[in-house]
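Please treat every number below as a calculation from the coordinates, not as lab data. As the structure is a prediction and not an experimental result, all values here were calculated from the model. Cβ sites come from the backbone with ideal geometry, for glycine too, and all protein chains shown count toward neighbours.
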Amino acid sequence: MDSHRTITVPVENVGQAYLEILRARGIKYFFGNSGTDFGPVIDGLARFAAEKKEFPKPITVPHEFVAVSMAQGYAMITGEPQVVMVHVIVGTGNASAAVMNASRLNVPMIFSAGRTPLTEEGMRGSRSNFIHWGQESFDQGSLLREFTRWDYELRNGDQVEAVVDRALEMALGNPQGPVYLTLPREVLAQKMDSVTIHPFRKNQTEALRPSDESIERTAEVLRGAANPLIITGRLGSDPAALSALVGFAEALAAPVVTPASPFVSFPNTHDFHVGVNSAPYIKDADVIVVVECDVPWYPSQGKPPENSKVIQIARDPNYSDIPIRNFPKDISIGGDPKLALQLLTEALKNGPRNEKSVAERAERIRAKHQQYRDGLKQRAEKSGRERPVSHAWLAHCVDQVRDRDTIVLSDHGIGNEMLNLSEPESYFGGSPAGGLGWGIGGGLGIKLARPEKTVIVTAGDGTYMFNNPTACHFVSQAYELPLLTIVCNNAIWHSSKAATQQVLPDGWAQSTGNFPLCELSPSPRYEKIVAAHDGYGEMVDDPQQLLPALTRALKVVKEEKRQAVLNVICGTH
Ligand SMILES: Cc1ncc(C[n+]2csc(CCOP(=O)(O)OP(=O)(O)O)c2C)c(N)n1
């Protein structure tokens with residue numbers, strides 16, 4: 001469709017007008033979990049199918065959490081927002097943890113829900129079922145207002161274009177994130193003859209560039225650093241930012257730590273990457289550059305020296321959506337972090353510096369990196385014959401079967417340390433909101449966007465259950481999106497047990513060896529669940545059989561185009 005021309009499209013109702021505008025705006029997928037509120041949408045999509053209008057393509061997702069996670073995965077790899085629609089307040093409730101995930105990760109999407117019919121009688125679409133009374137809410141938008149960038153209710157057909165364009169503008173705004181649109185049934189059902197669609201004129205904001213003065217002042221501080229440290233978390237959500245950080249770290253000659261990073265924000269194969277835990281480094285650092293990182297260190301475990309300088313570089317260096325976050329910020333640079341890093345790199349290269357001491361520092365960092373990577377490798381290899389299978393060995397084996405076209409997701413599964421990650425978009429982890437169960441849905445969204453890629457999802461056994469596996473395996477089969485899911489099965493919510501031990505080391509649970517609300521036994525044969533969806537499943541408890549099992553499962557995924565699950569009997573993290 002020519003998006004530079006104003007067009008008028010014949011429609012029969014507001015629901016069809018809404019779909020036409022989504023189509024004109026390039027929305028490819030409509031992830032839906034329907035109910036009595038959906039009539040005009042279902043009917044409109046049927047009209048699209050009859051008229052061979054391919055997009056937005058409806059994807060039936062039998063759990064709302066999975067639908068939002070699919071939109072999240074799709075947007076994480078493409079940057080493009082898609083549409084999710086769920087059933088009124090109850091669908092919103094089921095989706096809410098996934099919306100929180102997307103919100104804290106700044107993932108754009110139009111999350112929408114029907115609104116129960118407003119009128120008790122008299123209009124097309126008025127209430128016709130007892131639930132239409134019970135499903136009304138005084139303020140439906142408030143259900144997710146804290147975790148959406150904008151919410152609105154569609155009130156009439158004339159406004160459809162304005163509402164969709166505003167929703168897209170806000171989802172792709174700064175910061176990006178989900179928006180929430182509610183759609184009352186009578187409004188969708190209202191008769192309408194045509195919809196006029198104008199060119200889309202809501203381009204994204206140009207990247208903000210820090211002033212020369214602030215770059216020079218910051219570069220001055222960096223030049224004076226004897227022991228600088230860089231900590232980054234979410235920078236890799238912009239894949240182009242990776243090379244900017246590499247250039248900056250090399251110009252500064254500083255080690256890089258990537259705690260809890262849901263993206264490849266710095267290649268861990270680079271000579272300057274020294275781990276995912278900043279604690280060993282911050283005590284001695286005199287200048288710390290924090291780049292897009294919610295939690296650069298745990299204050300309870302150690303802090304940088306009082307006289308150190310902390311430079312925070314982020315789109316929003318105040319991290320305004322987090323109620324309490326009190327990391328120091330001696331210099332604060334907002335706007336596009338990639339630009340700031342590039343400008344600082346130039347300033348460092350062009351300014352005066354002691355080449356000899358910088359080169360010596362770089363040598364020390366290289367040695368640290370080597371020692372760190374060797375340690376990881378040894379740890380994995382040492383545990384190669386241990387039963388239950390160690391996470392280190394599992395990750396090491398996944399790394400062996402990975403190629404450049406493989407994307408690994410971890411939903412509380414294997415850590416990213418053991419994988420040799422040099423490329424952006426080769427690994428995705430969970431949101432800072434910590435809503436478990438997004439991984440398989442996220443993997444399905446990624447596979448939808450990048451069918452040529454091999455997608456491996458790793459998840460704890462508890463987390464596999466949070467994924468609503470039947471809903472995920474259904475979508476995988478129905479839409480031919482084969483993935484390999486690895487269940488790291490330790491038959492416990494180990495994280496809950498470990499947190500109890502940490503808070504109450506001498507408590508009742510520890511001394512009696514009884515951890516209520518943590519055990520997950522008897523452990524189900526997880527590999528059999530996927531068989532109900534024509535998938536391939538295998539249980540692996542012998543570490544030496546892991547590589548052959550991974551190879552078999554990937555063959556099924558790649559060649560037979562069927563999904564696979566490996567139920568790996570694991571130890572704890
Ligand atoms: C939706 C959701 N519910 C509960 C939690 C709390 N939680 C964090 S880790 C965890 C245990 C997950 O178990 P499993 O996947 O088996 O991994 P393990 O901790 O055993 O390594 C739980 C319940 C959460 N983060 N998200």
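Describe numerically, in nm with one decimal, the distance between label points set 7 Å from Cα along Cα→Cβ at Glu206 and at Asp139. Calculated label separation equals 3.8 nm.
Compactness of segment 403-460 is given as radius of gyration and Dmax, 10.9, 30 Å, from Cα positions.
What shape does segment 155-210 take by its C-alpha gyration tensor, where a ≥ b ≥ c are the square roots of the eigenvalues and a/c under 1.5 counts as rounded, a/b above b/c as prolate, and the rest as oblate? The shape class here is oblate.
Arrange Trp508, Trp393, Trp438 by Cβ neighbour counts within 10 Å, fewest through most, would you?
Working: Trp508 11, Trp393 27, Trp438 34.
Ordered from fewest to most neighbouring Cβ atoms within 10 Å, Trp508, Trp393, Trp438 come out as Trp508, Trp393, Trp438.
Between Asp284 and Arg47, what length comes free when the chain is fully extended (0.36 nm per residue of separation minus the Cα-Cα distance, one decimal in nm)?
Values: separation 237, 0.36 × 237 = 85.32 nm, distance 6.54 nm.
Extending this stretch completely gives an extra 78.8 nm.
Using the beta-carbon distance between Lys377 and Glu213 and R0 = 41 Å, what value does 1/(1 + (r/R0)^6) give for FRET efficiency, to the nearest 0.05?
Numbers: r = 46 Å, r/R0 = 1.12.
Once rounded, the FRET efficiency stands at 0.35.
Calculate the all-directions average of the projected area of segment 368-446's alpha-carbon convex hull, and give it in nm². Intermediate values should be presented prior to the final figure.
Working: hull surface 25.3 nm².
About 6.3 nm², averaged over all directions.
Under a point-charge model restricted to the Cβ atoms of Lys and Arg (+1) and Asp and Glu (-1), what is the dipole moment magnitude of the chain relative to its Cα centre, in debye to the nearest 20?
Numbers: 57 positive and 65 negative charges, 143 e Å.
So the magnitude is around 680 debye.
Full extension of the chain segment joining Asp541 with Ala433 gains 35.7 nm, where the gain is 0.36 nm per residue of separation less the Cα-Cα distance.
When the Kirkwood radius is taken over all Cα pairs of segment 248-335, what Stokes-Einstein diffusion coefficient follows at 10 °C and 1.306 mPa s, in µm²/s?
Values: Rh = 13.6 Å.
Answer, rounded: 116 µm²/s.
Given their separation in residues at 0.36 nm each and the Cα-Cα distance between them, Glu12 and Ala478 gain 164.7 nm when the chain is fully extended.
What's the center-to-center distance, using Cα atoms, between segment 545-564 and segment 436-487 in Å? Centre-to-centre (Cα) distance: 15 Å. Just need log10 I(q)/I(0) for segment 453-573 at q = 0.11 Å⁻¹, Debye formula, equal scatterers on the alpha-carbon atoms, no solvent, rounded to two decimals. For segment 453-573, the Cα-only Debye profile gives -0.42. Spin-label model, Ala499 to Val90: label points 7 Å out along the Cα-to-beta-carbon direction sit 2.9 nm apart.
Judged by the ratio a/c of the largest to the smallest principal axis of the C-alpha gyration tensor, segment 502-551 counts as prolate, that ratio being 1.5 or greater while a/b is larger than b/c. Rounded to the nearest 10 degrees, the inclination of helix 546-555 to the longest alpha-carbon principal axis of the chain is 30 degrees. Per residue, the convex hull spanned by the alpha carbons of segment 1-123 comes to 122 Å³.
Put a plus charge on the Cβ of each Lys and Arg, a minus charge on the Cβ of each Asp and Glu, and nothing anywhere else: the dipole of segment 343-401 about its Cα centre is then about 160 debye.
Translational diffusion of the chain, estimated by Stokes-Einstein from the Kirkwood radius over alpha carbon pairs at 20 °C in a medium of 1.002 mPa s, is 84 µm² per second. The region of the chain that goes longest without hitting one of the GluC sites (Glu not before Pro) in a DSSP loop, each with at most 13 other Cβ atoms within 10 Å, is 207-305. Averaging the Cα positions of each part gives two centres, and for segment 171-185 and segment 23-59 these lie 18 Å apart.
Using the Cα gyration tensor of segment 83-170, with a ≥ b ≥ c the square roots of its eigenvalues, what is the shape: rounded (a/c below 1.5), prolate (a/b larger than b/c) or oblate (neither)?
Working: a/c = 2.64, a/b = 1.43, b/c = 1.85.
Oblate, since a/c reaches 1.5 and b/c is not below a/b.
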